Structures are given as C-alpha cells and as structure tokens.
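The values are calculated or read from the model by the stated rules, or taken from the named source; none is laboratory data. This one's a predicted model, so the numbers in the text were calculated from it and none came from an experiment. All Cβ positions, glycine included, derive from the backbone under ideal geometry; neighbour counts span all protein chains shown.
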C-alpha cells in the first residue's frame, strides 16, 4: 500500500511539473499590464476615483484572437501593480462594446447619483447585407454607484445615434468649464467630430476637425482632447490614433496642438507630430479625474500582426503609463511622454560585470531592466546592442548622416510570423542640442526608448528564444546606469 501511494504521489508530481512546463509563459512581461488570459487591445474608460485608478480595455474573453468585444477591468493604487476585476460590460442587443471613456459625475448632471462613475462607449452592431458585413455604431452609457464593481446600462441607449457614418466610435468625454458642458471627441472616419451635452444623455453636434491636417493613411481612431499649461499659456492637445498610416507602417498615434473654444478645435499648424515613432504604441488615451496631470497608456501592439504574435494563453500588453508634458524646440511646441515615477521604486541599481569597456553583463535580469545614459554625443553615430549566445540581437542606434534614431528587431528570435514584423523602426531626430539623455525600459518582450525625456520615443515588441545576456555600446560606456527590475 505504501509503495502504491508513493508511486501515485510521484506520478501526480510528474504530471504537475509537466503541466507547469507546458504552461510556462516565457513572453509575459514583469511590469507591464497584461490580461490574465485571452485577447486584449485598446485601453478604455481610464478614470481615477476613491483611491483607485481604473483601467478598462477591449477584451475577448473566449479566445486569444480578436472577437466580440467586452470591457475588461483592472484597478491599481499606483499604476504599476494591477488587480484584475470581473468583466465590466458585456455585449447586448445594441451590439458589442467598443472603445470609450469614463468620467466622475461630481455634480450629478446625468441624474444617476452624485459622484457616479459613468462609462461612455460605442455599441457596435454588425449585420450581413448581400454577403457583406455592415456596421452600425452608436454611442451608449452605463453607470456605477460602487466605484466600478457593478454597472447598469442606461435604458435610453443609444444616447447618440449614427448620422450615417461607417466609422462613428471611440467617445472620449471631458468637462469644459467655460461652456459648462460635457465635450465628446469622436472618430468620424477621416476626421474627429465634437459634440456637446449638459447631461451626457442628449448631444448636439459642435464641429469637425481633421481634413487637410496631419496624416491620413488610414482611419482616425481613439481621440482625446485635453488642456495643458505651458509657461502660463493654455494649450489644447488633440490625440488621434491612425490605422494604417503610421511612420513605420500600420498603427500609430499622432497629435495636434492648438486652441479650443468649447465648439471648435483650431490647430496651430498642419504638421504631423507623432506621439511615438514605434510600431507598438496605439490607441493611447489619458486618465480622467487626475487633476492637472496627464497620464497616458497605450496598447502595445500593431494591427498588422497583433493576432499572430507568438503568445498563446494571452495576447497583448499595455505600454508603461506615461506622464505628458510640453516642450519648445526651435519655436515649436511638442508633446513629451515619459514613464511615471512610480516605476523607479521597482528598479534597483545593478552592478553588472564589465567584460570590456563597451560591454555590460545583464545575465539573469530576465530582460526586465532599465538603462539610463547621460549626454549621448549627437555629433557621431551611436549604437546599443542587446544580445545573447544564440545571436539574437536587438539594437538601438543614432545615425548621424541621416539624423535619425532607430530600433532594429530584424535579428531577434521569432520574426517569421508576419512579414511586416522584422524591420527597422526609424524616428526623426527632433533634438536641437548636441547631446541628449537616453532612457531604455526593457521588459521581457518589449523595448521603450525615450530620447531627451521623451521628446522622441520608440516602442517596439520582440520575441526572443532566450533572454539577453549583455549590452554592448559602440562607444566607451560612461555616464551609464543599469537598473534591475525587482518586486
């Protein structure tokens, strides 16, 4: 009997260890948000309320590929550690639940209750007409009186019918003090439509913006309008995602700076400004109800290959949460984005062994580390190479003659799953100085590079067989610090 029990114990242990090995998630990041399982894309409904930062997101709970959209939900006290919650919004007779936003109704303008959380989202109803898919997109609302634990959909949905647009979605809502009304920014295909409301239930068309401005290589999506201060001057920022048509192919996010009078957004110029030059920062919008701060998070993938990346249990991560600020370069304003300070508490200064002047050891850091380099000389080429013994390599470089920064993932491990994936990601140099700082955030399968405090940023994902073992510089390494991620 004892021998039989011992055999069963060993056999059970073997099965458990074997199952663990099969389910090991080698690509899951350590400090970026991911769903526990299945598909995720755009961040939605980000709002701060009663001590919690809420993150909702486009979610398909039944597959690791895109499908009928729900709103997944997670909360955090510091925007770094996240607690997964139950699905917040499910499809209904009006359709699946596409992207949107959430606000705190402090003055009970909608009549659901003081300080109610109100989600504004797109109801996406799809039918087949003569064998072709036809979409009807309208705007709906739901409310929560228990800080997002449970949600009730408004019985009068949709609150904004479709005016005949094939793309009419992604409502982002803010309160505009001067006109004492809610302002909704909404994609209308190749432009952004603005609507106004006193009660979140009845909406009036205010204006359109976009034709002749910025990049138009694809559909405009996920707008976000907000006010910032620059040296006492009021500057309005309009963020617009674009798919396809990004500077390096597929999905990307652009922004416009200008004025907003409560009805019309007027851009300072027609220049195309990219929030991030990388291929893997899309649909980013900011949190509501965070005072004067402007905190943004994006979906860390690209519609060119998002359904094909080599993860199985889950697909997609979010970018780091980033602080937005304005900076002036040669008389023009630009938007900086840089990871929030909360991440710094998770990084510990490392003392890697130096093999030679140009190489530092990162073995054992599990591809979760941060590198900060001061005063990178822009009068000559510069290159950082992350590598391992399998000859998997990821590079970041500055090319002086062509005056660009670049991330090259064409020599990383798994690249054959999509023809658009293995390419060099190029970013124009906007720096007007002879030297700049560079910060690199690495997390398992992603690299986020911030040049000059995020004036230029590049976000890219990659999939290696093994973790990196060293970082090699084309120049003698000095003014460089490496921080190991710890939790």
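All but one of (1) more than 30 Å from residue 293 (Cβ to Cβ); (2) modelled with pLDDT of 95 or more; (3) surrounded by fewer than 19 Cβ atoms within 10 Å (Cβ to Cβ) hold for residue 27; which doesn't? That leaves (3) as the condition not met. Being surrounded by 15 or more Cβ atoms within 10 Å (Cβ to Cβ), outside the structural domain of residue 459 (by TED's automatic domain parsing) and touching a residue at least 40 places away in the same chain (Cβ under 8 Å) is a property that residue 335 has. Apart from one condition, residue 478 fits all of (1) touching a residue at least 24 places away in the same chain (Cβ under 8 Å); (2) over 27 Å from residue 81 (Cβ atoms); the exception is (1). Considering 425, 458, the condition of being buried (at least 19 other Cβ atoms within 10 Å of the Cβ) and under 25 Å from residue 341 (Cα atoms) is satisfied by 458 alone. For residue 249, the conditions (1) surrounded by fewer than 19 Cβ atoms within 10 Å (Cβ to Cβ); (2) over 19 Å from residue 449 (Cα atoms) all hold with the exception of (2). Answer with yes or no whether residue 394 is assigned by TED's automatic domain parsing to the domain that holds residue 476, within 20 Å of residue 30 (Cα to Cα), in contact (Cβ under 8 Å) with a residue 12 or more places away in the chain and assigned to a strand (DSSP E or B). Criteria met by residue 394.
Residues in the range 416-438 that are closer than 30 Å to residue 310 by Cα, part of a loop (DSSP other than H, G, I, E, B), touching a residue at least 40 places away in the same chain (Cβ under 8 Å) and in contact with a strand residue (DSSP E or B) (Cβ under 7 Å, 6 or more places away or on another chain): 423 only. How many of the residues in the range 174-225 are in contact (Cβ under 8 Å) with a residue 60 or more places away in the chain and either not assigned by TED's automatic domain parsing to the domain that holds residue 236 or not in a strand (DSSP E or B) (or both)? Number of matching residues: 7. Summed over the range 209-231, residues that are more than 21 Å from residue 118 (Cβ to Cβ) and surrounded by 15 or more Cβ atoms within 10 Å (Cβ to Cβ) total 11. Scanning the range 371-415 for residues that are within 21 Å of residue 429 (Cβ to Cβ), crowded, with 19+ Cβ neighbours inside 10 Å and under 23 Å from the mean Cα position of the chain (by Cα) gives 371, 394, 395, 396, 405, 406, 407, 408, 409.
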